[in-house]
Structures are given as C-alpha cells and as structure tokens.
Amino acid sequence: MNSLKLQTNSVASILPNSAVIVFVNPALADENTALPLRLPPEWSPSVEEAISALGFKADPGQVVCSQAPQALGAQLLVLVGLDSSSGDEAQRAEALRVASGAAVRQAPKERNLFIVSPVEQPAEVQAVSDGLLLGDYSFTSYTTKAKTPERDITLWVSDGGEILEASLAKSAEVVQGVNLARTLINTPPQAMFPAEFVTQIEAASQGIANLSCEILDEKQLKAQGYGGLVAVGQGSPNPPRLLIMRYTPDDAKSSVALVGKGITFDSGGLSLKPPKSMLTMKSDMSGAAAVCAATLVAAKRGVKVQITTFACMAENLVDSRSTRPSDVITLKSGTTVEVTNTDAEGRLVLADGLSAACDENPDMVIDIATLTGAQIVALGNRTAGVMGSEATRQAVVDAAKESGEDMWPMPLPGHLMKALDSTVADMVNTPMPAAEAGMLMAGQFLSRFVGDTPWAHIDIAGPSFNEATPWGYTPKGGTGVGVRTLLHLIEAHNR
C-alpha cells in the first residue's frame, strides 16, 4: 500500500512528474462557474481559468485530467467534483471518501500525487485519506505485466500539524485492514483454502499485544461437535478449519463476539451451482476476512473491548464424500438439521460458529456472511441487509452509516419459522421448494442458535464483491465491506 504524507504551507516542493488533484464545488444553478476548494492563493487564478476552459461542472464524482497550468509546477491537473455542503456529517464524510477515491483511481498510476485537501478538520481529513488510500488499492499478485512502482502521495493543508498526522495514522490503520480483507478475497481459491487463510491471519496477528489465535483442524472439529463445518468441508481435499482469535486487554470494559462465514470456494456441493454463478465464489469467505481484519485493527489500537472472533473456514466441493441432500447432521448446539440443499451451506457453518460464540457469554454477537442471493434481489449490490435483535441491529446500522458503508435494517417475521420445520430432524437448512423471503429465512435459521444473546446478522452477498466498473474508492473485485462497520461498532462499545 502506498503511504500518504502530510504537507503544510509550502507547495513549492511538487515533483515535476506529479499530478495535482483539486476538488471543485459544483456550479450553482444561477451561475456557470464551478470553483475550486481551498487552493493555495498563488494557484487560484490559473486553476479557475483551467476549470472554466474545460467547462468542468463538477458533478459529484466527476473526474477530468488535463495538462497542469505552468503555475502549479506539475505535469497534470486532476479535477474532481465534490458537493461538500449536503447531508449530515456522516454523509459529507462519505462524499469526501467517494470523491477522493474516484480521483486517485483515475489519476495515472505512474504519477506521484499532490492532493489539495478540500477540508482541514481532523475527521474530514481522515475521510479524504480513507478515500485516497482505498481508491489506490490494486491486486496485481498474479499478473505478468510490469508492476507500477510505489508512488508518493502528498496531502496538502494550509495548517494542521500533529492533530492531522494522527488522523492520517488512524486512516492508514483502517485502510490496511480493509485492503487485507480485499487481498484475501481476491486471491485465487487454489491459493486461499481454509488452512492457508488461517495461517495468514495467524501470521498477521504476531506481535500484537493481548491477541492470540487458536486453530481447530478437522479432527478436533469432529471431536468437539462442529457438525456443520465438518459436513460442509468433507467433500474437499482441503479440510475445514475454525480459527478462534482472542483479544483480551487487561482492563476490558465490555465484550463482543464476531463470527464470519469463510467458504473459500463454493461450488454449491452436490446441489451444484450453474457455471456462471461460480465465477465469484472465491469471495464466499468475505465475512471471515472482514471479522479477522477488523479484529487485527482493533487489537492494534488497543481498544478496551474483549473480542472473540470465529472464522468458520471450509471449501464446499463435490466428491464421493460430499454431504448429500436429505442427509441429517448434528450441529454444535446439538440441533439436528436435514440438509435439503447443499448450496445453503453458509448457515450451517455459521450456526456452529454462533453456538461457540454465545458460549463465551459476550455482550453481543455479530455475524457477517455472503449468505443469500436473495439479499441481492432485495437490496442490490451495494446495500447489505441487517437482521437480529432490534437494539443490536440498529447499532450495526448506525455504525455502518458513521463508517460510510451502506446497510439497511430488515425484519425477521415469526411466521417464517414454520417453513424451516423438518419431518425427520429438528429443522431443514432451507425450505424446498424455495420459499419467498430467502434472506429473512436464512436470518431466522441463524436466530435459533443465539438464544437470548444480543445479536445481529449482516448479509453482504452483493456488496462483498464488485463485478461491475470500479466506482468511488471501490475497486473491481473484493471490497472489504464490513471491516469499517465492525471497527466503528467495537469502538462505540468501548465508550
């Protein structure tokens, strides 16, 4: 990840091969001129002239690159539209992230960047930094093309000093977590199987105070009754794993348990997916990536919250040992489940994880998963669905808004429970034929494994992986969604 440095006062040190990024207010309805935000005085006339000559209207997120005016001492001028006046504080912060990400993505990769910050308050500068660093992410581990060398990224403010340096440092911690999750998701499945995932997280946890990792292999999982994980993973040559991360600060004020679905590749099992639907199924471990990355960042920050994290890792493949439709399995809780569809496997591994998490008696438990295609039907590819206990569900939605992630509260109607009844076991994993409200039905399934523990379930099937054109600070591929929300939720629990 390229680093971001702060520069105050002088703009004389710009490297000749740099691109200068300037944020521009949209043109007002009764005027025809968009105006740059917070420019150094010596740059204002030439940049305003360039904006006018280009006819740049500064629609939110619009980016235009042109030759830089001579007064800037740089090679390129990058203009980005930013409507910084509308919405509340959280909405304005997200607008800063989106515009910053759009600008850095579209600036030539081989150029050093000199960004004129449109804001100077610490929280807003942190949002600009978030967008710049998130937008600068790329996954190039498997391409044979020449790698673009790291570049200097400088954020200019007229004043700020140590307070803004602290904001940039905090931003870098968050972005490092999000980008770790993105890289785990983007890694091809032959190189990111359950044992490899837990090995990488265990390595990343080394040296972090009060953080430890425990790994249960397939024999331990079977011996300890993790029937969901064992059943889902038994058709793969890469056996399942349960990673338990424990962050135990001495003076913890509260406790949180996190559970993440970690299906490193999902073929659907014997209930095989269509080929097109498998193309993004390396991302089916996005929930596990999110909870692990959030735990690492929170532990590095030394939050006064005890965190116990369960990454439920398996690979759902087809083999003579694969779980069959109509098999009955016994989960960690002792509940028996008739497997009606082996492609509804995520709820089986999460059920085991939720049972183990609730055994820890946390103040609340949050699970996050790429759980249902029905989430995409209901809410699209950018909005996650949140279900669970009313207060905990709202706390997650509030944390998502503050962190700039789009999540929406959804109900868990009681009448859906009846559809999960089985004639041969305690319940089915999904109604067959498929019933309506598939996202809510999956939430109701999970609700049976949390008892009275305050709980929320986040379905990120759509937002976890961007198949479309990159936008804002969101790249193509793994997005790392959930990391920022979980961090905000944990830190709010720290107060």
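The values are calculated or read from the model by the stated rules, or taken from the named source; none is laboratory data. Keep in mind that what you see is a predicted model, and the values were worked out from it rather than measured. Ideal geometry is used to build each Cβ from the backbone, glycine not excepted, and the neighbour counts take in all protein chains shown. For the accessible areas, the whole protein counts, side chains as well, though only heavy atoms, and no ligand, DNA or RNA atoms are used. Shrake-Rupley method; radii C 1.70, N 1.55, O 1.52, S 1.80 Å.
Remarks
- Test item: Cα-centred dipole of the chain, Lys/Arg +1 and Asp/Glu -1 on Cβ, debye: 1000
- Tally of Lys pairs whose C-alpha atoms are under 18 Å apart, taken over segment 235-345, 8 or more apart or cross-chain: 5
- With N the number of residues in segment 5-85, Rg(Cα) / (2.2 N^0.38 Å) evaluates to 1.07.
- Diffusion coefficient of segment 303-441 by Stokes-Einstein, Kirkwood radius over Cα pairs, 4 °C, 1.567 mPa s: 78 µm²/s.
- Cross-link partners for LYS145 among the aspartates and glutamates, with Cα-Cα distance under 19 Å and sequence neighbours closer than 8 places in the same chain left out: GLU110, ASP136.
- Compared with the dominant principal axis of the Cα atoms in the chain, helix 161-186 is inclined by about 50°.
- THR372 contributes about 10 Å² of solvent-accessible surface, heavy atoms of the protein only, 1.4 Å probe.
- Cα convex hull of segment 132-234 - mean projected area over all directions, nm²: 10.3
- Between SER46 and ARG301, the contour length at 0.36 nm per residue exceeds the alpha carbon distance by 87.5 nm.
- Extension reserve of the GLN7-ALA191 stretch, reckoned as 0.36 nm per residue once the Cα distance is removed: 62.2 nm
- Full extension of the chain between ALA492 and THR469 yields a length gain of 4.9 nm, computed as 0.36 nm times the residue separation minus the alpha carbon distance.
- Counting only aspartates and glutamates at least 8 places from LYS222 when in the same chain, those with an alpha carbon closer than 15 Å to its own are ASP352.
- Remark: accessible surface ordering of LYS282, LYS219 (largest first) is LYS219, LYS282, probe radius 1.4 Å.
- Taken about its Cα centre, segment 37-188 carries a charge dipole of about 760 debye when Lys and Arg each add +1 at the Cβ and Asp and Glu each add -1 at the Cβ.
- Normalising the average separation of contacting C-alpha pairs (under 8 angstrom, six or more residues apart) by the number of residues puts the relative contact order of segment 396-495 at 34 percent.
- The convex hull built on the alpha-carbon positions of segment 67-115 has an orientation-averaged projected area of 3.9 nm².
- Label-point separation, SER422 to LEU272 (7 Å along Cα→Cβ), nm: 2.5
- Segment 390-495: GluC sites (Glu not before Pro) in DSSP loop, at most 15 other beta carbons within 10 Å: GLU436, GLU467
- Distance between the modelled labels on ALA146 and ALA435, one decimal in nanometres: 6.0 nm (7 Å Cα→Cβ projection).
- Seen against the Cα atoms of the chain and their longest principal axis, helix 89-106 is set at about 80 degrees.
- To the nearest ten degrees, helix 438-447 and the longest principal axis of the Cα atoms of the chain are 60 degrees apart.
- A straight line joining the Cα centroids of segment 145-220 and segment 246-296 runs 16 Å.
- Projected area averaged over orientations for segment 45-142, convex hull of C-alpha atoms, nm²: 7.3
- With the biggest extent put first, the Cα atoms of segment 429-478 measure 39, 31, 13 Å across the principal axes.
- For the chain, taking Cα atoms only, Rg and Dmax work out to 23.9, 78 Å respectively.
- Report summary: the helix-based calculation at 222 nm, which adds -39500 (n - 2.57) for every DSSP H run with n ≥ 4 and divides by the residues of the chain, gives -10500 deg cm²/dmol.
- Low-density loop cleavage sites - GluC sites (Glu not before Pro) in segment 40-116, where at most 15 other Cβ are within 10 Å (DSSP): GLU110
- Relative contact order (percent, whole number), segment 166-279, Cα cutoff 8 Å, 6+ residue spacing: 27
- Centroid-to-centroid separation of segment 53-90 and segment 358-435 [C-alpha atoms, Å]: 40
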